[in-house]
Every structure is written in C-alpha cells, then in structure tokens.
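The values are calculated or read from the model by the stated rules, or taken from the named source; none is laboratory data. Not measured: the values here are computed from a predicted model. Here the Cβ positions follow ideal geometry from the backbone for every residue, glycine too, while neighbour counts run over all protein chains shown.
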Amino acid sequence: MKVTVVTAFPDFLDSFARTSIVGRAVEKGLIDVEVVNLRDFAQGNYRQIDDYSFGGKGGMTLMPEVLERALHFVRGEGTKVLFPTPVGAVLTQDLVEALAREEHLAIFCGHYEGLDERFVEKYVDLEYSIGDYVLTGGEIPAMTLIDALSRLVPGVVGKELSVADDSFYNGMLDTPHFTRPAVWQGMEVPAELTSGDDAQIEKWRRRAAASRTLSRRPDLLGRANVMDYLEDEAYL
Ligand code: ADE
C-alpha cells in the first residue's frame, strides 16, 4: 500500500519514514511512504500557504487553492483523502484495519487552525482524531496512522502471530509479557507460561487478557465475548 503525507513540515516525516520497523518496511518495498511539501504548491513571491481565519482570534488556516493543487498532484484512481483533526472520528484498531485495505491514502496535515473547511467538504473522505487532546499539527497523527498500518502489512512485523495476539486484535487488551530469568527479585513468571504445555499457555493467555480488559478497559468488552475467555464466573 502507499501513503502520501502532504505537509508544510516534511522533515518531520522524513526521518520517521527511514527509521526502525517502518523504515525497514519502506526499504523492503512493503509499504510506500511519500512525503510531499505543501509549500511546493504555493504561488506568488511569498509562497503563502496559509492566511488568517475569518472571524478567528489571529489563528492561521491553510488555503484551499494551495491544498487543491497539492491534491491534484498526489491523487490517483483509488486515493482516499484523510485529514487528522481533533474533531474527527477516533482512530481505533478497527478503523486502522479498514484503512489497511485501501490502495492509497493521502493524509493532509493541518497546522495552526487546520484546513479551509471548503477543501475538507469537497475532497476529504475521512477526518480522524488520535485522541481527545489537541496537537499543534497533523504530522504526529499521520505518523501514528502509518505506524499502525505498517504493522498490518504482511512481512513488516517479524512474526505474524505476534500481531494476532496484540491488544485490540480480538477486542481484548494484550496479556502481560515475561522473559528470562524465570524468577527475578523473588517474583515468578506464571507457572503456565513455563510449563511448555500449549493448551495451558493458551488458557492462561485468554484469562489474563479477559481479566485485564475487565479491570482496565471494561468499555471494550461489548465487542468481545468475555465469557468465552473467562470460562468461569470467578472474575465477574
Ligand atoms: N490535530 C491536532 N490534534 C489532533 C488530534 N488529537 N488528532 C488528530 N489530529 C490532530
């Protein structure tokens, strides 16, 4: 899949797209991340990309004609246009999974007050928020989405099984993880995990995920059948 990020701050994205797991996925050609400088589409001596918001208190808004020129440059046949904004739909694993099925996403990063609403109305397919707090721009939400998407592309995360076990994959939080030594400062790894018995391990994992989800994020449980996981009522 391909993700294009249109931003006035391309440096922000460049190092991200070259680093760690996402960087390796880009290098291997598993995901294509294109960073486009919005300023390349500005016109006039000042190469202006934004202006004061009408009726605002001095904040700046990205201009629709600059955004439209950038859009015409990046848009292909099946491009879905995304705008990260705190007023958008909250980004969940389900939404990430739906977006991972798209061929090409173009993310338009707002800065200052955001994008002119007429551009949003005319061209944006999805406004998304990464949480109920306000950032200075859309670059971090763009990186957040790309990072989450890249993990779903086959071959990006070493062991595909580990993705299937992660939090939210089946509507549950992930289990705790342990490594060697089996006893550290008097604290023992749960016996099931060191038993070598696959059925016992699986049972422990399902219970641990269910009880953790129940105590920390009961709001998630509507999506998963918690009784399947707990297998008895001791935790309820
Ligand atoms: N831009 C500023 N804050 C944001 C948020 N919480 N989510 C997505 N985009 C944003």
Can you tell me which residue is surrounded by the most Cβ atoms within 10 Å (Cβ to Cβ) among those in segment 92-109 that are assigned to a loop (DSSP other than H, G, I, E, B) and of a type outside the set (S, T, Y)? C109
Would you mind finding the one in R216, R206 that is at pLDDT below 95 and on the phi < 0 side of the Ramachandran plot? R206
Which of the following residues is more than 9 Å from the ligand (Cβ to nearest atom), in contact (Cβ under 8 Å) with a residue 12 or more places away in the chain, of a type in the set (S, T, Y) and surrounded by 14 or more Cβ atoms within 10 Å (Cβ to Cβ): T79, T85? T79
Checking V120 against (1) aliphatic (A, V, I, L, M); (2) surrounded by 13 or more Cβ atoms within 10 Å (Cβ to Cβ); (3) closer than 23 Å to V22 by Cβ, only one condition comes out false. Which one? (3)
Confirm whether A142 is of a type in the set (A, V, I, L, M, F, W, C), outside any strand (DSSP E or B), touching a Pro at 6+ places or on another chain (Cβ under 7 Å) and within 16 Å of the ligand (Cβ to nearest atom). yes
Of (1) at pLDDT 95 or above; (2) of a type in the set (D, E, K, R); (3) farther than 15 Å from I146 by Cβ, R47 satisfies every one except (1)
For segment 90-106, what are the residues that are more than 10 Å from the ligand (Cβ to nearest atom) and within 14 Å of I130 (Cα to Cα)? T92, Q93, D94, L95, V96
Given the conditions (1) within 13 Å of the ligand (Cβ to nearest atom); (2) surrounded by fewer than 12 Cβ atoms within 10 Å (Cβ to Cβ); (3) more than 15 Å from the chain's Cα centre (by Cα), and given that D132 satisfies all but one, which numbered condition is not satisfied? (3)
Please verify whether segment 148-159 includes one or more residues that are surrounded by fewer than 11 Cβ atoms within 10 Å (Cβ to Cβ), modelled with pLDDT of 95 or more and over 16 Å from the mean Cα position of the chain (by Cα). no
Filter pass, V87 being more than 20 Å from N37 (Cβ to Cβ) and not charged (D, E, K, R): yes
Suppose we keep only residues that are surrounded by 15 or more Cβ atoms within 10 Å (Cβ to Cβ) and among the polar types (S, T, N, Q) within segment 45-64. Which one would you say is nearest to Y112 (Cα to Cα)? T61
Taking L193 as the residue in question, decide whether it is closer than 30 Å to V96 by Cβ and more than 30 Å from the chain's Cα centre (by Cα). yes
Selection over segment 110-129 where residues are more than 8 Å from the ligand (Cβ to nearest atom), in contact with a strand residue (DSSP E or B) (Cβ under 9 Å, 6 or more places away or on another chain) and not in a strand (DSSP E or B) yields a count of 9
Within segment 6-32, which residues are under 22 Å from G137 (Cα atoms) and either among the hydroxyl-bearing types (S, T, Y) or outside the structural domain of V96 (by TED's automatic domain parsing) (or both)? T7, S15, T19
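Condition (residue is assigned to a strand (DSSP E or B), at pLDDT 95 or above and loosely packed, with under 14 Cβ neighbours inside 10 Å) applied to segment 3-11: is it met by at least one residue?
First, the residues of segment 3-11 that are assigned to a strand (DSSP E or B): 3-7.
Remaining after also requiring at pLDDT 95 or above: 3-7.
Now drop any that are not loosely packed, with under 14 Cβ neighbours inside 10 Å, which leaves none.
No, every residue in segment 3-11 fails to be assigned to a strand (DSSP E or B), at pLDDT 95 or above and loosely packed, with under 14 Cβ neighbours inside 10 Å.
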